[in-house]
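Encoded as structure tokens, the structure appears first; notes follow it.
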Amino acid sequence: MTAETLTPPATTIGPIGWLRANLFSGPVSAFVTVLVGAALVWLAIQVGGWATADARWSVVTDNLRVFLIGRYPGDLAWRIWLSLAIPSVLAGLSAGAFGRTTRTLAVTLSAVQALIAILIAFSPIGILGVVAYAANAAAVWVSYAVGRRARIPRRVLAGAWLVSLPITFVLIAGFRGTPLTPVGTNEWGGLLLTVLLAAVGIVLSFPLGVLLALGRRSRLPAVRILSTGYIELIRGVPLVTILFMADLILPLFLPGGWQLDRVARAMGGISLFSAAYVAENVRGGLQSIPSGQVEAAQALGLSGVQTNISIVLPQALRAVIPANVGLFISLLKDTTLVTIIGLLELLNVGRAVLGQPESLGARMEVYLFIAAVFFVLCYAMSQASYRLERQLGVGTR
Amino acid sequence: MSDSVAETKQATNREIIVARDVHKWFGQLHVLRGIDLTVNVGEVVVIFGASGSGKSTFIRTINRLEEHQRGTITVDGIELTNDIRNIAAVRSEIGMVFQSFNLFPHLTALQNFTLAPMRVRKYARKDADAVGMKLLERVGIPEQAHKYPAQLSGGQQQRVAIARALAMNPKIMLFDEPTSALDPEMISEVLDVMRGLAEEQGMTMICVTHEMGFARAVANRMVFFDEGVIVEEGPPRQIFEAPQQERTKRFLSQILH
């Protein structure tokens, strides 16, 4: 008996097919679809109408400088622009050389600065600002093109990134006795402060968290107990409390005459807090590595440190990318809590702006703008993490 | 498969592994109950026995993946103690191949070999790569150098794992059931590599395996483990044709059906 050849079932491919299968599969489904659809359209008309006709977006554009850099002196704002030009060029070069994850970074830097240029065009800051940020946005793509051809070695680029960090810092903070007049951190604010708090928090808490995770699994009881104690203590205390402690109590422990400024204290508090959570994420990754991996490394004669660096950590850290990026996204949003120790980060700047008599009745506009800024930053981070996962997942389990 | 191969193989009289009265407990469980075994340079020893008989645990004590609690193990004149330098010295002389391959999944085949020579022996990348490629040719898969372990078949993975152990230029190779996790059609490719190692290089080898054809053809000596002790040992011909102990006979009749 020969098997009968049947035609395949009707496809659900194509927009019409998709609609039929997912939205109009039966009378009830069709009814719900129409109802929800109508509600969405109504909402869109309401919000869209308000946003285009009634909203006073001038509250955002008029105060744009404060939103972007707080009370940072306006005549020194070019230093912020220059400090963004460095990572823009480097991100472009890296994206050209490596592609993938770094390309997401480059796209984000370019897009964000292009958006800033557009916003500045509607603000009293002036045409120079527009040109400057548009130039930065373009610089990303020019250096991308250069990076694709020039084949710059990995090591050189990594070194350049490392060197760029202190340069960026000096550009923003200034240095006594140089043409770069110092700008006190009490004058930093707005998006500038938010991004700096988050960036420093991420860069410091990650290595610290990895060390704590390794420490918690150490064979040495003292190291293990200290790491575990630190992690449990920090995780048992709210960030707000830690920020208060960093602000009020930390200075008492510093030797006399030492002054740690307020922003640095907040950065320290955020990093120390986040490190405990990074540590627990990484510990989960470490536990997912089969013992055979460590045995194989030991059998080859690798030392404990070499085994961790070359075998265990690369696999463990890859496994915890989604969890860690989630953590860093919350860290970015949690920087708004520094408001309580009086720092003027983006959200607090918004409240300050709303305190001016001319901003009366513009709460919605200000908060929507701030929400949009946070969304763009967080969305870029989560996209970068997807890229990174895919890139590191190539050809592996 | 002829017996003549086994008869003509040469092993020296120089001792390289000496285990004396080795005991090991896992909690209350006494898994090694006084193992005495001496292996000479160039000798191929096949260890067999039921699962849980302590054979894997024993070969893992030889490079200190398991710590023994009584007795002594000496490898090439170095006694294994808690001294970390001794452990490192012994491990650098011993290559090990595992049942589940244990390749590093985040590294390519070539990187799997070059890692240890570069980190432990401080080879330059270029030299390590050259050695690595030579080894890949030896195990017959030079074209797979830049693939990741997950992209290789089981047999290829195990051959890469053997080459990885050889990259450290060991004097001794330990094989812990190297073919048990393989599909049947891939077993022979791995056994061929092992056989080449024994016959062409005269490598000192201890293999825990149930591949009796391999044992008959390649081993100088077979050792039967049961419940943490060595019940019987002897040349393959004697073990297969005239086993002395009742337990050996019973086990062999089960696996040779």
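For the reader, a short list of remarks on this structure follows.
- Counting Cβ atoms of other protein chains within 10 Å of each Cβ in A:297-309 and taking the mean gives 6.
- Of the DSSP H helices in chain A, those whose Cα atoms cover at least 27 Å axially and whose Kyte score averages 0.5 or more: A:27-49, A:77-98, A:101-121, A:127-150, A:154-173, A:190-216, A:363-392
- Inter-chain Cβ neighbour average for residues B:55-68, partner chain, 10 Å: 1
- For chain B, the relative contact order comes to 27 percent (Cα pairs under 8 Å, sequence separation of at least 6).
- Proximity of backbone amide H atoms, modeled 1.01 Å from N, is registered between A:Leu180 and A:Phe175 at under 5 Å, excluding neighbours fewer than 5 places apart on the same chain.
- Loop-located chymotrypsin sites (Phe, Trp or Tyr not before Pro) in region A:182-263 (DSSP state not H, G, I, E or B) with no more than 14 neighbouring Cβ atoms inside 10 Å: A:Trp258.
- For region A:1-147, the alpha-carbon radius of gyration amounts to 1.72 times the rule-of-thumb value 2.2 N^0.38 Å expected for a compact globular protein.
- Volume of the Cα convex hull of region A:6-57, divided per residue and given in Å³: 83 Å³
- Shown in residue order for region B:180-193 are the 3J(HN,Hα) couplings computed by the Karplus curve 6.51 cos²θ - 1.76 cosθ + 1.60 at θ = phi - 60°: 5, 9, 9, 5, x, 6, 9, 5, 5, 5, 6, 4, 4, 5 Hz (x for Gly and Pro).
- D (Stokes-Einstein, µm²/s), Kirkwood Cα radius, region B:99-184, 0.890 mPa s at 25 °C: 191 µm²/s
- From the C-alpha gyration tensor of region A:315-367, square roots of 5λ in Å: 35, 12, 5
- Mean projected area in nm² (Cα convex hull; one quarter of hull surface) for region A:291-337: 4.1 nm²
- Per residue of B:106-112, other chain Cβ atoms within 10 Å of the residue Cβ number 3 on average.
- Cα pair count fraction exceeding 51 Å, expressed as % - the protein assembly as shown: 34 percent
- Degrees, to the nearest 10: B:125-138 long Cα axis against longest axis of chain B: 50 degrees
- Compactness index (Cα Rg / 2.2 N^0.38 Å), region A:272-397: 1.54
- The relative contact order of chain A, computed from alpha carbon pairs under 8 Å that lie at least 6 residues apart in sequence, is 19 percent.
- Counting only alpha carbon atoms, the long axis of helix B:109-119 and the longest principal axis of chain B meet at about 90°.
- For chain B, dividing the convex hull volume of the Cα atoms by the residue count gives 134 Å³ per residue.
Coordinate-derived values only; no laboratory data. Because the structure is predicted, anything quoted here is derived from the model rather than measured. Neighbour counts are summed over all protein chains in view; Cβ atoms, including those assigned to glycine, are modelled from backbone coordinates with ideal geometry.
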